[in-house]
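A quick write-up on the structure given underneath.
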Amino acid sequence: MDYILKSRNVELNGKIKEYAQKKIKSRIEKFDDKVIKIEIEFSVEKNPSINLNNKVVVTIFTPRAVIRAVESGVDFFEAIDRINPKIERQIKKYKSKMIQKGRKGAGVETKIEAQNSDENFEDIKKIVKTKKFEIKPMTPEEASLQMELIGHDFYVFVNAETGKTAVLYKRKDENYGLIEPQN
């Protein structure tokens, strides 16, 4: 398993690196032995109005999924302490989904086991609606206009410039992001 520490706008000292390894890496290894890579990114927000300006992003790469958690604190130690429960919850959720996928034929048993276990599985989401629509070639600028007109947070379209299907989405900072396939 690869273990990578990254930093942005900050120099990491040995205590933070050691604390991250102790609190995050060792915990993840206990939960899941199928982890391929763990990336932990530390950054400091320069905005003085943000009180919790020390941000930690943990990304866990498994063969079937990428698990990501973001948390902030007044210092990196607090952010690491706050991110641990999030990571644990997401790993448990991922593992329960994988178990349920493997037990498709045992539908009733899976529900009973989930009710009887001490973990809360009610937050597992299901697809309840399917929508079909025609995808038209357009530029990302045209897609952003269409997205605003329909009032959605994302828009799927064929990029007229590349000929590939793309997704335009609204970011938390109110700007746009564009997702396109690499191939």
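The values are calculated or read from the model by the stated rules, or taken from the named source; none is laboratory data. Note that the coordinates shown come from a computational prediction; the quantities given were computed from them, not determined experimentally. Cβ: placed from backbone, ideal geometry, glycine included. Neighbour counts: every protein chain shown.
What tally of residues in region 153-180 results from selecting those that are in contact with an Asp or Glu (Cβ under 8 Å, 6 or more places away or on another chain) and over 18 Å from I135 (Cβ atoms)?
Within region 153-180, residues that are in contact with an Asp or Glu (Cβ under 8 Å, 6 or more places away or on another chain) and over 18 Å from I135 (Cβ atoms) number 1.
When you look at F133, is it of a type in the set (A, V, I, L, M, F, W, C) and either closer than 26 Å to N183 by Cβ or modelled with pLDDT of 90 or more (or both), yes or no?
Answer is yes for this residue.
Of all the residues that make up region 101-130, how many are at pLDDT 65 or above and loosely packed, with under 11 Cβ neighbours inside 10 Å?
8
Can you tell me which of E29, E78, E18, E71 is exposed (fewer than 13 other Cβ atoms within 10 Å of the Cβ) and in the same structural domain as R89 (by TED's automatic domain parsing)?
When all the criteria are applied, what remains is E18.
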